[in-house]
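Below is one structure, written out as structure tokens, with a few remarks after it.
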Amino acid sequence: MLNRWRLKLALILTLAICAVAVASHESHMKMHSAPRTNNVSANPNEVVIANFSFEPATLTVKAGTTVTWVNHDDEPHTATATDKRFNSKTLDNGDRFSQEFNAPGVYNYYCALHPKMTGKIIVK
Amino acid sequence: MAWAGTGVVWAMNGGLLSSTELVLGAKRKPGFNFIQISDSHIGFNKDPNHEVTKTLQEAVDKINALEDAPAFVIHTGDITHLSRAEEFDTAAQILKGIKTSRVFYVPGEHDVFTDDGQLYRERFGAGTQGLGWQSFDYDGVHFIGLINVLNLKQGSGTGLGGSGFGQLGQEQLAWMKDDVRGLSSSTPVVVFAHIPLWTISAEWGWGTDESEQALSLLKRFGSVTVLNGHVHQILQKVEGNVMFHTARSTAFPQPAPGTAPAPGPIKDVPADKLRSMLGLTDVRYVGSGNQLAVVDSTLV
């Protein structure tokens, strides 16, 4: 009988320690993953602009899809097609720009303000 | 709000160009002096500076408090943040308050990226050539204002055919070649443009395509000084007869190349630390064979 209680107590203690460990691990994870959520969109047809880059840099969509860019940087940016077929103009912090892609092909674009920033939309 | 604006006083004495920190009531040597200000980014309203009009005004007040009024002032671009009409107007209104004969401008990419410089040229393009480039002479010194922020080309360094650098363009280079043709080689030349005419960071696009062509036109001159903005920090280099120098911003500091994942404002600067942050400058004293010397000192 005594042995069974000892076993139960040990089990409870072990579980408690595990719970604390998991909780601390979760909070640790949250702390480190929070800034990253800024750069990744839940919408598969959305390009997030953050830290002077387009994410994803290459986005593949079906013909007829509307792609939306959203700027998460404090710095203004643009999404400007290399051949000027589309141009978002100024996207300040929080601004969005949408463009429908009907014809299959590869659409290279860049930021007119920071031309080192480049991306492409592949339409299938 | 801490003082964030700054300017550099340039004094010309017998072909020897030197700069000192803009200090209230500083004694000036004989000769003439002019002032370079840069990157006022009117319209920017985020950390670390929510009052960029105020800090530009403070820079103007500092200039006006100088014992020797500057012969003229040069603004090396990014006058505005989003090239909006009201931002240009606010900047022009503040800069009109400078007690000097004239303010010369060259645009930054923030001044031209929405309309290829139309609004900019409407306001500041009078008397300029081509897309807005210009030259003038003052007291034996030849000044050339170049534009390297138009027609920027996409460039990722992955073979797409562009560097992401500033662009001068062949039309402007042809004009410049013609402009310096009749000058004596002993004429001191000062070139001003927004993006540096030397490669500071290929990764961040801090350099200018065709800058070597422009500089080759100036090889025969004994004294060439290149004044740029864009990088929001003082950086300096001497190469042969050419002294390159970048100015601080009147709005916010940017990180040194390689010290941050991306360029852009250094955001986490406490208001009371901004001035000392702007003061953290690589100060060099350089004396070269052709007697060109530049002296900088920190803000604090």
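We did not get these values from a lab; they are worked out from the coordinates using the rules stated. These figures come from a predicted structure and were not determined experimentally. In this analysis, Cβ positions are derived from the backbone assuming ideal geometry, glycine residues included, and neighbour counts consider all displayed protein chains.
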**Report entry** Distant-in-sequence amide H partners of B:Gln36 (H built 1.01 Å from N, under 5 Å)
**Finding:** B:Val8, B:Trp10, B:Ile74
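Going by C-beta contacts inside 10 Å, put B:Ile195, B:Ile94 in order with the fewest on the left.
Ascending Cβ contact count within 10 Å gives the list B:Ile94, B:Ile195.
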Requested in this report: Quick one: what are the phi-derived ³J(HN,Hα) couplings along segment B:254-262, Karplus 6.51/-1.76/1.60 with θ = phi - 60°, whole Hz, x for glycine and proline?
Outcome: 10, x, 5, x, x, 9, 8, x, 8
**Report entry** Least to most buried among A:Val40, A:Val67, B:Val52 (fewest other Cβ within 10 Å first)
**Finding:** A:Val40, A:Val67, B:Val52
Query raised in the report: What is the log10 of I(q)/I(0) for segment A:46-123, computed with the Debye formula using one identical point scatterer on each Cα and no solvent, at q = 0.11, 0.13, 0.15, 0.24 Å⁻¹?
Result: -0.22, -0.31, -0.42, -1.11
Report task. Pull up all non-local amide H partners of A:Lys116: gap of 5 or more, or a different chain, and H-to-H distance under 5 Å with H placed in the peptide plane. Result -> B:Gly155
